[in-house]
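The values are calculated or read from the model by the stated rules, or taken from the named source; none is laboratory data. Since we're looking at a predicted model, the values are computed, not measured. No Cβ is skipped: glycine too gets one built from the backbone with ideal geometry, and neighbour counts run over all protein chains shown. What goes into the accessible areas is simple: the full protein's heavy atoms, side chains included, and nothing from ligands, DNA or RNA. Shrake-Rupley method; radii C 1.70, N 1.55, O 1.52, S 1.80 Å.
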Amino acid sequence: MPQAFLLWRQLKTLKIDPLYNVHFALVADEEIGGELGSGFVVKNKLVEPDFVVVCEGGSAKKIGIGHNGILQLNIRVLGTSTHTAYQQKAVNSFLETVHLVEFLEGFFKKILADPKRGYVAPSKEKLKPIVNIGGVVSSGPGSKVNIVSSETTFTIDRRLTPSEKMDRVESEIREAIEKWAKKRGTKVKIEIIHKTEPCALGYNSSFTKSFKSAVEKIKGGKATFTVNRGATDMHFFVKANNCEAIGYGVDGKDIHAIDEKTSLEDLVETTQVYATFLSSPLS
């Protein structure tokens, strides 16, 4: 968001009239799905753009023309609780979870190794599907050290490349877990936390070429197009408005880690890229 404000201020200060009508959408919930931010803007048709610049998803000499997809699930493994001293007939949900996770580790290792699921970006970067099991792990209500666990939950964070389809990925995970649960005789509930479809666009339009020229003018050298390994709000605009979009912002360091940061120099240069693009006719 700082570069958007800086851009607005510089356009006013330098008395530059953009060649396009410019709308700023400042949102705060991209990290948790974007439904109340960009999703709300698109759903309610607050803007209906011809093209969109998302202020992330590309940086330096790389311009984003897509992003991976996200499927996040909460898995609840159910057992029966009792006092530790009388656990003969109880079902320990934690131990069942251990068995399920072990099964899923092998399942994902095989699935993710399929070369057809990979994606090669225009920059020649090779994207592979990935998964994180157990980003959040918790016990059920009434948990206590001397009680057999009646409920254990853990999360699955599956990242899809643009070569994959959300429906297929979700179905194969559900079917694998349900098959395991039936064979094991364990009750498992699967809940969706969040879904974002993967997105990949073309990059030979007058819009993308013009933005590429702006990047090369400010940054120097040759710019390339890429697909972001994470996800951005780009898909909201592309899907609903059927418009072109690119992702480009500051080059952050230590992303999502302690002391995440960017340089003032890059903030200024990124603003210059935006201003150059807005004051240049489409290629």
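In the chain, if the dipole is taken from +1 on Lys/Arg beta carbons and -1 on Asp/Glu beta carbons about the Cα centre, which of Phe237, Ile190, Leu26 is farthest to the positive end?
The Cα lying farthest towards the positive end belongs to Ile190.
With Cβ to Cβ distances under 13 Å as the rule, what net charge do the other residues near Val91 carry (K, R +1; D, E -1)? Walk me through the intermediate numbers first.
Values: positive: Lys89, Arg184, Lys187; negative: Glu96, Glu151.
Net local charge, Val91 excluded: +1.
Rank these by accessible area, largest first, 1.4 Å probe: Val268, Val250, Val77. Walk me through the numbers on the way to the answer.
On the way: Val268 70, Val250 45, Val77 0 Å².
Result of the area sort, largest leading: Val268, Val250, Val77.
Mind checking the dipole of the range 139-283: about its Cα centre, +1 per Lys or Arg Cβ, -1 per Asp or Glu Cβ, Debye to the nearest 20?
Working: 22 positive and 20 negative charges, 140 e Å.
It works out to roughly 680 debye.
Straight-line reach from Lys62: which aspartates and glutamates have Cα under 19 Å away, leaving out those fewer than 8 places along the same chain?
Within the straight-line cut-off, Lys62 pairs with Glu125, Glu216, Asp233, Glu244, Asp251, Asp254, Glu265, Asp266, Glu269.
What is the sum of charges around Phe24, taking Lys and Arg as +1, Asp and Glu as -1, for the other residues whose C-beta is under 14 Å from the C-beta of Phe24?
Counting the neighbours of Phe24, the net charge comes to +1.
Could you give the accessible area per residue of the chain, probe 1.4 Å, as a whole number in Å²? Working shown, then result.
Values: 16370 Å² over 283 residues.
Heavy-atom SASA per residue in the chain reads 58 Å².
Starting from the residue with the highest accessible area, list Leu78, Leu100, Leu95, Leu26 in decreasing order, probe 1.4 Å. Provide the component values of the computation, followed by the final result.
Numbers: Leu78 40, Leu100 0, Leu95 95, Leu26 120 Å².
Per-residue accessible area, sorted high to low, gives Leu26, Leu95, Leu78, Leu100.
In degrees, nearest 10, range 0 to 90: what is the angle between the Cα axis of helix 206-219 and the longest Cα principal axis of the chain?
80 degrees
Would you mind working out the magnitude of the charge dipole of the range 158-237 relative to its Cα centre, with +1 at each Lys and Arg C-beta and -1 at each Asp and Glu C-beta, to the nearest 20 Debye?
Once rounded to the nearest 20, the dipole reads 300 debye.
Report the Stokes-Einstein translational diffusion coefficient (µm² s⁻¹, integer) for the range 1-141, Rh taken as the Kirkwood radius over Cα pairs, at 10 °C with viscosity 1.306 mPa s. Spell out each step's value before the answer.
Numbers: Rh = 20.6 Å.
Value of D from the Cα-based Kirkwood radius: 77 µm²/s.
Considering the alpha-carbon set of the range 100-231 alone, what are its Rg and its Dmax in angstrom?
Cα-based Rg and Dmax for the range 100-231 come out at 20.6, 67 Å.
Which of the residue pairs Lys124/Lys209; Lys116/Lys187; Lys126/Lys165; Lys15/Lys45; Lys179/Lys239 have a Cα-Cα distance greater than 23 Å in the structure shown? Mind dumping the intermediate values first?
On the way: Lys124/Lys209 18 Å; Lys116/Lys187 33 Å; Lys126/Lys165 18 Å; Lys15/Lys45 30 Å; Lys179/Lys239 34 Å.
Going by Cα-Cα distance, Lys116/Lys187; Lys15/Lys45; Lys179/Lys239 fall outside the 23 Å limit.
Taking only the C-alpha atoms, wrap a convex hull around the range 154-194 and report its volume per residue in Å³ as a whole number. List each step's numbers first, then the result.
Details: hull volume 3.0 nm³, N = 41.
So the per-residue hull volume is 74 Å³.
Give me the dipole magnitude in Debye, nearest 20, for the range 215-258 about the Cα centre, with unit charges on the beta carbon: positive for Lys and Arg, negative for Asp and Glu. Please report the intermediate quantities before stating the final value.
Working: 6 positive and 5 negative charges, 26 e Å.
For the range 215-258, the charge dipole is close to 120 debye.
Counting only protein chains, not ligands or nucleic acids, how are Trp180, Trp8 ordered by accessible area (probe 1.4 Å), most first?
Accessible-area ranking of Trp180, Trp8, largest first: Trp8, Trp180.
List the relative contact order of the chain as a percent without decimals, with contacts defined as Cα pairs under 8 Å and 6+ residues apart. Don't skip to the answer; put the middle values down first.
Values: 517 pairs, mean separation 95.7, N = 283.
This gives 34 percent for the chain.
Once the whole set of protein chains is in place, how much accessible area is left on Asp251, using a 1.4 Å probe, in Å² to the nearest 10?
Counting only protein heavy atoms, Asp251 exposes about 50 Å² to solvent.
Can you order the peptides 146-157, 48-59, 82-93 by their average number of other Cβ atoms within 10 Å per residue, highest first? Can you show the working numbers first?
Working: 146-157: 18.8, 48-59: 20.5, 82-93: 13.6.
The peptides rank, most packed first, as 48-59, 146-157, 82-93.
For the range 30-36, in order, what is each residue's ³J(HN,Hα) by Karplus, 6.51 cos²θ - 1.76 cosθ + 1.60 with θ = phi - 60°, in whole Hz (x at glycine and Pro)?
4, 5, 10, x, x, 5, 8
State the antiparallel share, in %, of DSSP beta bridges confined to the chain, rounding to the nearest 5. Please list the in-between numbers first.
Details: 35 of 43 bridges.
Taking every DSSP beta bridge within the chain, about 80 percent pair in antiparallel fashion.
Rg/Rh for the range 78-123 to two decimals, with Rh computed the Kirkwood way over all alpha-carbon pairs. Write down the numbers at each step before the final one.
Working: Rg = 19.0 Å, Rh = 13.7 Å.
Reported Rg/Rh, Kirkwood definition of Rh: 1.38.
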